[in-house]
Amino acid sequence: MTVYSPVISRHCQAGQFVHVRIGDSFNPFLRRPLSIGPCDGDYLRLIFTVKGIGTKILSEKQPGDMIDLIGPLGKPFYLPDEKSCPVLIGGGIGVVPLLTLDDHIKKAVFLLGVQSKTSLTVDESEINQRGISIASDDGSIGFNGNVVQLFEKTLQQWSGTEKQKIIVYACGPMPMMIALKSVCAKFSIKAYLSLEAPMACGVGACQSCVVRKAKAEGYYLVCQDGPVFDAQDVELQP
Amino acid sequence: MNVDTKVIMGDLVLRTPLLTGSGTFGYGNEYNTLVDYSKLGGIITKSISLEPRNGNPPPRICETRAGGIINSIGLANVGVDAFLNQKVEALPIGKTEVFISVVGDSVEDYTSVVEKLETIEDIAGYELNISCPNVKSGGLSLGGDKEAVAAITKAVRSMTHRFVSVKLTPHYAVIAPVAEAAVKAGADALTLTNTLVGMAIDAECRKSLLGNVTGGYSGPPLKPVSLAKVWQASQVVDIPIWASGGMVNGIDCIEFMLAGASALQLGSVLFADPTAPERILVEMTEYCERHNVERFSNLIGSLEIQ
Ligand SMILES: Cc1cc2nc3c(=O)[nH]c(=O)nc-3n(C[C@H](O)[C@H](O)[C@H](O)COP(=O)(O)OP(=O)(O)OC[C@H]3O[C@@H](n4cnc5c(N)ncnc54)[C@H](O)[C@@H]3O)c2cc1C
Ligand SMILES: Cc1cc2nc3c(=O)[nH]c(=O)nc-3n(C[C@H](O)[C@H](O)[C@H](O)COP(=O)(O)O)c2cc1C
Ligand code: FES
């Protein structure tokens, strides 16, 4: 879905999200958080899969319909410096914020994991244009296996000193994030993870959207302290 | 017609009857680019406890098919000391009236917190949350106990001249005795009501939707319950009632005033529509114009019984 919103498209940074109102009826009641996809001038893209009632209603919007968004919200990805090697790792629809990030990084390795060829979350033309390497669980396209396995295989091509320059940027389902976090920890690779949590306010007012802190007692707010976190700072739970 | 939106409760003058419900408006400034403070009579902060509370395990919020939401935040808050050090500066004092919600597990908890909060200048008062369904000790169990409500209210009353509203749970079949106990102990207002205990299940996954399993049910389905409590209490007490429960539009708010409420707390609605204060004020004014009501305050308790 392409949305005309000069204020958001011109002020957002990769990794931020919008909080989307589904309709005026108060049922479904809550807004839905969606990552800000690639922006083009006054326009931004929202890319989503239909999961339940909210995304279903959103998917039925027609060209010309109005949509109520709050944003840009949350902390963006910290951009890599010239010397580092960014590696973007997306799982399924989690690829969206990484597409936006890719537009801001000159040279990134970009990996995407999907279940199969039929569930690609990016068009094949865009995959080619961005040079994305695909991993599929059923082997129907690209690497046969999951995207974390593809990342481990890719790592073998890098020398020890090169590995130290890698910064991983990732977004995807929780099992993928947990596996990725442990691979990055093993090789002492810096990793930034974009996390999801059910949200009500989206602005840090209600304490709904928490993820456990790794180094201290208590929780971070995904909407305000994230959605992007340094992997070392958060304790991921299945 | 120029409708007068002001409501007066003793020394307290609110420029509109609209307040924000505790816990839905953070520490008062998170929504500052989205909410028009000039449309609010006041804000009520997240409930503050003596010690910081981390709150319940996630997930903490879900929807129900019948409408409305269930939260199991568990009164996560920074605690009174950090509140004083980090949050007071950003309170919207001067933009609107500020009330601080206080919660505890014992009478001493409430008085210790209020004692510290008395050092803040220019706040309008306190709301004593004796009604949260999300904590094991205190909270709802205290709210169910007439003597406890009276003891907490009396103790806080004796230490402040500021406005004190006592917030009760909707879980009483008969609310009159508890309401009367709070009034006798010196409450300036009653807030009716907090959330109902609720629960939601994802049958496909055989999992509860909340980490804490049960939580507080709020939003439109709560409205008839709160409305009944407001009306029942208004029949037996003569202090102002602050309504809380499911309001999403101007007519919801008008109904609460007809049932006896003097002020109206917007809670969950802010999540869906942070512009609700502005919109609701317009809708309430339109109603008054249609019905030749010159002042919002003329609506209070003007329900006609069939
Ligand atoms: C910061 C952030 C960015 C996101 N970006 C995207 C994106 O770009 N594309 C995309 O397809 N999805 C994205 N999601 C997930 C998306 O928010 C959910 O798929 C969506 O809320 C599901 O709503 P529903 O009504 O269709 O599903 P239902 O299952 O009916 O939703 C019920 C409730 O659970 C919440 N919920 C369900 N799944 C999630 C989830 N994974 N994360 C947070 N809340 C959830 C809903 O918001 C709603 O309140 C993002 C989530 C977050 C937190
Ligand atoms: C996420 C959330 C957090 C809440 N936290 C508090 C709280 O800390 N203290 C309190 O007194 N009430 C709390 N409440 C209750 C609300 O203030 C309000 O009384 C209730 O939600 C009913 O009103 P509503 O239907 O308009 O939301 C909370 C409600 C929600 C939804
Ligand atoms: S969604 Fe309300 S604090 Fe994050």
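The values are calculated or read from the model by the stated rules, or taken from the named source; none is laboratory data. All of these numbers come straight from a predicted model, not from anything done at the bench. All Cβ positions, even for glycine, are placed from backbone atoms using ideal geometry, and neighbour counts span all protein chains on display. Each accessible area value is taken on the protein alone, full model and side chains, heavy atoms only, with ligands, DNA and RNA left out. Shrake-Rupley method; radii C 1.70, N 1.55, O 1.52, S 1.80 Å.
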Spin-label point model (7 Å from Cα, Cβ direction): what's the residue B:197 to residue A:213 distance in nm?
3.1 nm
Expressed in angstrom, Rg and Dmax over the Cα atoms of the stretch A:85-235 are 15.6, 46
Using Cα pairs closer than 8 Å and at least 6 residues apart in sequence, work out the relative contact order for chain B, in percent.
20 percent
Taking just the alpha carbons, could you work out the radius of gyration and Dmax for the stretch B:7-299, both in angstroms?
17.7, 55
By how many nm would the segment from residue B:207 to residue B:13 grow when fully extended, if each residue of separation counts as 0.36 nm and the alpha-carbon distance is taken off?
65.1 nm
When chain B is treated as a Gaussian network with springs between alpha carbons less than 10 Å apart, the largest mean-square fluctuation among B:184, B:229, B:39 is found at B:184
Quick one: work out the % antiparallel among DSSP beta bridges in the protein assembly as shown, nearest 5.
40 percent
Classify the stretch B:1-106 as rounded, prolate or oblate from the Cα gyration tensor: take a ≥ b ≥ c as the square roots of its eigenvalues, call it rounded if a/c is under 1.5, otherwise prolate when a/b beats b/c and oblate if not.
oblate
Going by average Cβ neighbours within 10 Å, how do the peptides A:79-86, B:160-167 rank, with the highest at the top?
B:160-167, A:79-86
For the stretch B:7-299, percent of DSSP beta bridges that are antiparallel (nearest 5) comes out at 35 percent
May I ask what percent, to the nearest 5, of DSSP beta bridges between residues of chain A are antiparallel?
45 percent
Distance between modelled label sites at residue A:60 and residue A:43, nm, 7 Å Cα→Cβ extension:
2.5 nm
So what's the Cα pair-distance distribution over the stretch A:2-73, bin width 5 Å, in %?
3, 17, 29, 27, 17, 7, 1
What is the sum of charges around residue B:159, taking Lys and Arg as +1, Asp and Glu as -1, for the other residues whose C-beta is under 9 Å from the C-beta of residue B:159?
-1
Accessible-area value, residue A:104, 1.4 Å probe, nucleic acids and ligands omitted, Å²
110 Å²
What are the residues whose amide H is under 5 Å from the amide H of residue A:68, where those residues sit 5 or more places off or on another chain and H is modelled from the backbone?
A:21
Shielding of A:18-28 by other chains, given as the mean Cβ count within 10 Å, works out to 4
Cα gyration tensor category, rounded, prolate or oblate, for the protein assembly as shown with a/c compared to 1.5
prolate
Buried accessible area, chains A and B (both chains, 1.4 Å probe, Å² to nearest 100):
2300 Å²
Using alpha-carbon pairs under 8 Å, 6+ residues apart, how would you state the relative contact order of chain A in percent?
18 percent
Cβ-derived FRET efficiency at R0 30 Å, residue B:147 paired with residue B:303, nearest 0.05:
0.40
GNM on chain B, Cα springs under 10 Å; top mean-square fluctuation among B:122, B:11, B:188 goes to B:11
Theoretical ellipticity at 222 nm over the protein assembly as shown - DSSP helices of four or more residues, -39500 (n - 2.57) apiece, nearest 500
-6500 deg cm²/dmol
Please compute the Cα-Cα pair-distance distribution of the stretch B:103-261 with 5 Å bins starting at 0, giving whole percents from short to long.
2, 9, 18, 20, 18, 15, 10, 5, 2, 1, 0
Please give, to one decimal in nm, the separation of the simple spin-label points placed at residue A:164 and residue B:118, each 7 Å out from Cα toward the Cβ.
6.0 nm
Filter on A:186/B:87; A:106/A:186; A:75/B:95 - keep pairs with C-alpha separation over 31 Å:
A:186/B:87
Please enumerate, by chain and number, the aspartates and glutamates with C-alpha under 17 Å from the C-alpha of residue B:207, excluding those fewer than 8 residues away in the same chain.
B:63
Per GNM of chain B with C-alpha springs under 10 angstrom, the most fluctuating residue out of B:107, B:156, B:282 is B:282
Take the cross-link list A:56/B:46; A:51/A:163; B:184/B:223; B:116/B:167 and give me the ones stretching past 25 Å between alpha-carbons.
A:56/B:46; A:51/A:163; B:184/B:223
Angle, helix A:174-186 long axis vs. longest principal axis of chain A, Cα atoms, 0 to 90°, nearest 10?
30 degrees
Once the in-chain neighbours fewer than 8 apart are removed, the aspartates and glutamates whose Cα is under 13 Å from residue B:146 read B:180
Expressed as a whole number, the average count of other chain Cβ atoms within 10 Å around the Cβ atoms of A:210-220 is 3
